[in-house]
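Note sheet for the following structure.
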Amino acid sequence: MKRAILHCDMNNFYATVEVKMNPELEGKPVVVGGSKRERHGIVLAKSYEAKKFGVRTGETLNDAISKCPELIVVPPHFDEYLLISNEAREIYNSFTDKVESYGIDECWLDISGTEGLFGSPYEVGMLIKEKIKEEIGVTVSVGVSFNKIFAKLCSDLAGRDEIREVWEEDFRKIIWPLPVGCLLGVGYATRKKLAWYGIKTIGDLAKVGEDFMRSKFGKNGWYLYVYANGYDVSRVAGFGERAPVKSVGHGTTLVADVVDEEIVYGVMLELSLDVGYRMAKLGVRARGVELTIRDSSLAFFSFQCRLDFPSSCPSVLANAGRSLFRAKYAWAFPVRAITIRGIDLVSEVVSGVQLDLIGVVDNMDRFNRIGGVLSDVRDRFGRGSLSYGVLLSDNKVPEGRRLDTVMPSGIIR
Amino acid sequence: MKFTVNQKELLNNLLIVNKAISSKNIQPLLSGIYLETKDDNKLIIRGTDMELGIESEIGALVDEAGKIVLPSKYFVEIVRKLPMVDLELSTEENNQIKIVYGSSEIKLNYYEGSEYPSIHDFIGECVLKIKGDDLVNAISLSQVVVSTDMTRPIFTGILLEIKNDKLNFVSSDTHRLCYTYIENIEKNVDAWESIVPAKSLKEVAYIIHEDEEIEIHITSNRILFKSRNIKVTSRLIEGKFVNYEQVIPKEFNSQINIIKKSLLDSLERAFVLTRDEIKSKLNTVKFNIKEKVLIISSRASEVGDIYEEIPIYLQGNEIELGFNGKYLIEILRNIDGEEISINLNDPQSPGIIKGTQGNEKFIYLILPVRLQ
């Protein structure tokens with residue numbers, strides 16, 4: 001059976017949803033950005049009208065406004081985006097059970113073998129595109145191909161509300177002349193390194209050979225070689241399938257730069273409450289903690305340590321974070337943003353526990369009981385219903401911070 | 001400095017001393033090997049990384065006394081490759097030493113030896129004398145249950161304690177503990193406690209001669225082991241060891257006697273099934289102790305199961321509990337004697353493994369795996 005993969009990318013997703021929610025914004029330059037007062041001051045998404053002014057995703061709101069003084073900045077509404085994203089998924093699911101999300105606004109669909117039901121892959125793509133436009137009011141770009149990589153590439157090539165396809169017989173003609181940066185998995189650094197070897201197009205990469213790519217770029221180089229030649233056969237994850245979670249983390253930019261370790265600790269604890277809760281929901285515990293600090297000069301620092309015992313208890317995570325912070329952070333500048341992450345996850349279901357002489361297991365039992373209670377109470381009475389006393393004071397975490405959604409990470413396999 | 005020495009004897013002793021030298025040490029003197037000749041026809045060879053220090057003394061025909069430091073990386077390799085003849089070494093004016101073998105010669109640059117740290121000999125506040133084989137035996141028993149986790153340094157060491165006319169050796173990796181002792185020691189104090197890095201003691205056990213008497217000198221921060229021609233010194237680990245007497249139970253609800261080999265063989269078979277449990281590292285083996293039989297069972301969900309029965313002699317109650325099979329194997333492999341006794345109280349309390357008749361100079365404590 002011939003493989004047929006679709007990649008659907010909802011155009012300007014955040015901005016489109018905002019306009020849907022508030023029709024007055026229709027036709028105006030709109031960007032979705034963090035609130036300026038609380039300093040999440042970057043452009044998360046932009047409307048077509050804003051794009052015309054040269055506003056770019058990721059630049060600061062101040063820069064964007066200087067390009068387009070009448071720019072309308074709206075704060076993000078992640079819950080709404082998630083809702084719309086789920087509606088779109090419903091539609092995808094009515095065509096195939098193999099739908100794999102790649103971030104909130106992108107999906108792969110494996111529609112192999114549906115010709116008899118819905119027509120050719122191109123026709124299915126058209127159907128889905130029209131259905132989403134009609135029922136949800138969001139335009140999509142659709143890519144159709146015989147593997148996930150080229151499907152994604154086609155949807156990138158397709159304009160707003162367009163559909164592009166490429167097949168085994170013509171991908172060399174269509175895809176190979178494209179710059180190598182178009183290929184999924186080729187980022188800024190890889191592109192530079194490839195260019196240094198004279199590899200500028202996807203075709204160059206395809207022809208340079210397996211051994212070369214493996215020796216110069218390692219395992220990822222080999223994947224790129226596979227992708228460029230259209231050999232990728234990775235599956236579209238089926239309904240309900242999910243990639244195993246490798247770490248659980250939360251971060252935030254503080255309302256003001258902080259020079260006090262106690263406040264930093266408060267923020268870590270606040271973040272850890274969400275991290276611990278999510279780990280409890282996933283049924284996992286962390287064996288290590290990673291702390292990432294961004295200081296007011298925007299320099300990044302990332303530190304890791306191991307925990308004495310696997311845990312999802314917020315205070316254990318935060319205390320490890322504090323020890324790391326004390327031992328490693330040099331206080332060259334005030335702290336601007338903090339991320340705390342549980343890493344090296346293990347299942348909370350274990351067959352046994354090795355007892356010890358120094359009270360590690362006693363501590364583990366105690367803290368994990370606390371973690372369990374925190375998560376149970378939160379399930380029954382909601383977020384914030386039970387917390388730590390030290391968090392009662394002002395702790396510089398932005399108000400109304402939402403749970404992050406899981407964003408795509410790295411390269412697909 | 002000028003002396004003549006046999007290649008083989010020099011090489012053997014260089015290799016011993018070299019164990020204390022890190023060729024990557026950023027201090028050139030410490031990455032070198034120290035040579036000193038005295039008028040009494042002795043060549044002294046020293047090496048140290050400041051943590052461990054080793055000194056070896058060999059006979060040499062000394063024409064001129066002196067001290068120098070040679071880069072160990074080159075000197076040891078060259079001596080290794082020289083023919084087995086007498087070597088004549090002599091310093092020259094341009095900070096080079098000339099090594100003459102037959103009609104050939106090699107010249108190596110050297111450093112002045114006067115700056116070399118003098119840590120290899122001292123008089124201790126605590127001085128004791130024990131037999132070499134007792135020391136080696138105590139070290140090899142204790143060595144099994146030390147930790148390598150540097151976040152809790154005291155557990156990377158072995159406690160040497162003088163108490164009640166005995167020299168006690170205690171070590172623990174927090175899941176197990178070993179206690180053993182040496183009697184009939186000559187000593188100048190009645191009580192003493194030091195924690196010695198297990199790594200250093202391992203070298204001591206390897207280097208010293210078992211048939212000699214060893215003199216031990218201890219200060220507040222270093223320990224020195226002296227035999228006739230070898231001295232090993234080590235830094236001590238700061239801190240207070242756990243109160244081991246408190247954690248070793250004195251009374252038991254269940255005591256079994258078992259043939260060591262039967263148990264060890266059985267555990268090794270069980271370990272084959274569970275050894276790939278990389279993350280949990282539990283290697284859980286279930287012990288079901290009945291009136292006349294120990295039932296050993298283990299399950300690795302992705303590999304298979306094992307069930308074995310071993311005859312035992314039980315005094316006290318029947319009991320069921322779990323252990324880390326690997327921990328037990330390491331202990332059993334290290335015990336001499338045919339029969340051992342295992343003493344237990346309940347599934348969450350430490351178990352004690354001892355030898356029987358005439359082999360009772362040690363105990364191993366092991367904490368169970370709590371089965372969920």
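The values are calculated or read from the model by the stated rules, or taken from the named source; none is laboratory data. It should be emphasised that the depicted structure is a prediction, and the values quoted were computed from it without experimental measurement. Don't worry about glycine lacking a Cβ; one is built from the backbone with ideal geometry, like all the others, and counts go over all protein chains shown.
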Inset, instruction - Identify, by number, the condition in (1) in contact (Cβ under 8 Å) with a residue 12 or more places away in the chain; (2) assigned to a helix (DSSP H, G or I); (3) away from every other protein chain (no Cβ under 14 Å); (4) touching a Leu at 6+ places or on another chain (Cβ under 7 Å) that A:Leu324 doesn't meet. - result: (3)
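So, B:Asp336, is that one surrounded by fewer than 17 Cβ atoms within 10 Å (Cβ to Cβ), closer than 23 Å to B:Ile182 by Cβ and acidic (Asp, Glu) or not?
Working: surrounded by fewer than 17 Cβ atoms within 10 Å (Cβ to Cβ): yes; closer than 23 Å to B:Ile182 by Cβ: yes; acidic (Asp, Glu): yes.
When the stated conditions are applied, B:Asp336 passes them.
Please report, ordered by residue number, the strands (runs of 3 or more DSSP E) entirely within the range A:1-77 with at least 2 residues that are over 30 Å from A:Pro121 (Cβ atoms) and in the same structural domain as A:Glu123 (by TED's automatic domain parsing). Break it down stepwise before answering.
Numbers: elements: A:5-10, A:30-33, A:43-46, A:72-74.
Where strands (runs of 3 or more DSSP E) fall fully within the range A:1-77 and carry at least 2 residues being over 30 Å from A:Pro121 (Cβ atoms) and in the same structural domain as A:Glu123 (by TED's automatic domain parsing), they are A:30-33, A:43-46, A:72-74.
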Legend entry - Where B:Glu193 falls short, out of the listed (1) assigned to a strand (DSSP E or B); (2) touching a residue at least 60 places away in the same chain (Cβ under 8 Å); (3) of a type outside the set (A, V, I, L, M, F, W, C): (2)
Legend entry - Single unsatisfied condition, A:Trp167 versus (1) closer than 13 Å to A:Leu224 by Cβ; (2) part of a loop (DSSP other than H, G, I, E, B); (3) in contact with a Ser or Thr (Cβ under 9 Å, 6 or more places away or on another chain): (1)
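Residue-wise test of (1) among the hydroxyl-bearing types (Ser, Thr, Tyr); (2) at pLDDT 90 or above; (3) on the phi < 0 side of the Ramachandran plot.
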residue	(1), (2), (3)
A:Gly283	no, yes, no
A:Ser297	yes, no, yes
A:Asp308	no, yes, yes
A:Asn319	no, yes, yes
A:Ala327	no, yes, yes
A:Val335	no, yes, yes
A:Ile338	no, yes, yes
A:Ser347	yes, no, yes
A:Ser351	yes, no, yes
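Considering only residues of the range B:229-251 that are loosely packed, with under 14 Cβ neighbours inside 10 Å and not small (Gly, Ala, Ser), which is farthest from B:Tyr364 (Cα to Cα)?
The first filter runs over the range B:229-251 and keeps only residues loosely packed, with under 14 Cβ neighbours inside 10 Å, leaving B:238-240, B:243, B:245-246, B:250-251.
With not small (Gly, Ala, Ser) added as a condition, the list becomes B:238, B:240, B:243, B:245-246, B:250-251.
Details: B:Glu238: 24, B:Lys240: 20, B:Asn243: 15, B:Glu245: 13, B:Gln246: 14, B:Lys250: 13, B:Glu251: 15 Å.
Among residues in the range B:229-251 that are loosely packed, with under 14 Cβ neighbours inside 10 Å and not small (Gly, Ala, Ser), the one farthest from B:Tyr364 (Cα to Cα) is B:Glu238.
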Legend entry - Number of the condition not met by B:Glu308 [criteria: (1) within 14 Å of another protein chain (Cβ to nearest Cβ); (2) among the charged types (D, E, K, R); (3) not in a loop (DSSP other than H, G, I, E, B)]: (1)
Legend entry - Residue satisfying all of: in the range B:269-296; crowded, with 16+ Cβ neighbours inside 10 Å and assigned to a helix (DSSP H, G or I); nearest to the other protein chains (Cβ to nearest Cβ) among these: B:Thr274
Legend entry - Qualifying residue in the range A:300-319 (condition: more than 30 Å from the chain's Cα centre (by Cα), without any contact (Cβ under 8 Å) to a residue 40 or more places away in the chain and within 14 Å of chain B (Cβ to nearest Cβ)): no
Inset, instruction - Could you tell me whether B:Arg299 is free of Cβ contacts under 8 Å to residues at least 40 places away in the same chain and within 14 Å of chain A (Cβ to nearest Cβ)? - result: yes
Inset, instruction - Answer yes or no as to whether A:Ala332 is away from chain B (no Cβ under 12 Å), surrounded by fewer than 16 Cβ atoms within 10 Å (Cβ to Cβ), hydrophobic (A, V, I, L, M, F, W, C) and not in a strand (DSSP E or B). - result: yes
Inset, instruction - Evaluate the range B:64-83: report whether one residue or more is surrounded by fewer than 15 Cβ atoms within 10 Å (Cβ to Cβ) and in a strand (DSSP E or B). - result: yes
Legend entry - Identity of the residue in the range A:342-358, farther than 23 Å from A:Leu269 by Cβ and outside any strand (DSSP E or B), that ends up farthest from the other protein chains (Cβ to nearest Cβ): A:Val349
Inset, instruction - Evaluate the following for A:Arg235: is it outside any loop (DSSP other than H, G, I, E, B), outside the structural domain of A:Arg3 (by TED's automatic domain parsing) and either at pLDDT 90 or above or not small (Gly, Ala, Ser) (or both)? - result: no
Legend entry - Among (1) in contact with a Gly (Cβ under 9 Å, 6 or more places away or on another chain); (2) touching a residue at least 40 places away in the same chain (Cβ under 8 Å); (3) surrounded by 20 or more Cβ atoms within 10 Å (Cβ to Cβ), the one test that B:Gly47 misses: (2)
Inset, instruction - With the checklist (1) in contact with a Leu (Cβ under 8 Å, 6 or more places away or on another chain); (2) of a type outside the set (A, V, I, L, M); (3) over 30 Å from A:Met21 (Cα atoms) in hand, flag the one item A:Ser215 doesn't pass. - result: (1)
Inset, instruction - Answer yes or no as to whether A:Val275 is farther than 30 Å from A:Trp167 by Cβ, of a type in the set (Val, Ile, Thr), assigned to a helix (DSSP H, G or I) and under 19 Å from the mean Cα position of the chain (by Cα). - result: yes
Inset, instruction - Exactly one condition in (1) of a type in the set (A, V, I, L, M, F, W, C); (2) touching a residue at least 12 places away in the same chain (Cβ under 8 Å); (3) under 23 Å from A:Tyr265 (Cα atoms) is not met by A:Val361; state its number. - result: (3)
Inset, instruction - Write out, first by first residue and then by second, each pair whose Cβ atoms fall under 7 Å of each other, whose residues are 6+ apart or on separate chains, and whose first residue, in the range B:347-372, is closer than 13 Å to B:Lys286 by Cα and modelled with pLDDT under 95 while the second is outside any strand (DSSP E or B) and of a type in the set (Ser, Thr, Tyr). - result: B:Gln372/A:Ser351
Inset, instruction - Look at B:Asn317 and say whether it is under 18 Å from B:Pro249 (Cβ atoms), polar (S, T, N, Q) and more than 10 Å from chain A (Cβ to nearest Cβ). - result: yes
Legend entry - Filtered residues of the range B:152-194 (kept if more than 18 Å from B:Ile130 (Cβ to Cβ) and either away from chain A (no Cβ under 14 Å) or among the polar types (S, T, N, Q) (or both)): B:Thr156, B:Gly157, B:Ser172, B:Thr174
Inset, instruction - Tell me which residues, restricted to the range A:128-152, are buried (at least 16 other Cβ atoms within 10 Å of the Cβ), within 17 Å of A:Met10 (Cβ to Cβ) and of a type outside the set (Val, Ile, Thr). - result: A:Lys129, A:Lys131, A:Ser141, A:Gly143, A:Ala151, A:Lys152
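Would you mind finding the one in A:Lys192, A:Lys216 that is more than 21 Å from A:Leu153 (Cβ to Cβ), of a type in the set (Lys, Arg) and modelled with pLDDT under 90?
On the way: A:Lys192 fails: more than 21 Å from A:Leu153 (Cβ to Cβ).
Checking each option against the conditions leaves just A:Lys216.
Among the listed residues B:Asp133, B:Asp149, identify the single one that is within 14 Å of chain A (Cβ to nearest Cβ) and surrounded by fewer than 19 Cβ atoms within 10 Å (Cβ to Cβ). Working first, answer last.
Values: B:Asp133 fails: within 14 Å of chain A (Cβ to nearest Cβ).
After applying the criteria, what remains is B:Asp149.
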Inset, instruction - Just need a number here: residues in the range B:105-142 that are more than 19 Å from B:Ala20 (Cβ to Cβ), assigned to a strand (DSSP E or B) and not acidic (Asp, Glu). - result: 10
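Quick one: would you say A:Val32 is out of contact with any Pro (no Cβ under 7 Å at 6 or more places or on another chain), at pLDDT 85 or above and farther than 21 Å from A:Cys107 by Cα? Outline the logic, then answer.
Working: out of contact with any Pro (no Cβ under 7 Å at 6 or more places or on another chain): no; at pLDDT 85 or above: yes; farther than 21 Å from A:Cys107 by Cα: yes.
Here the answer is no, as A:Val32 does not meet what is asked.
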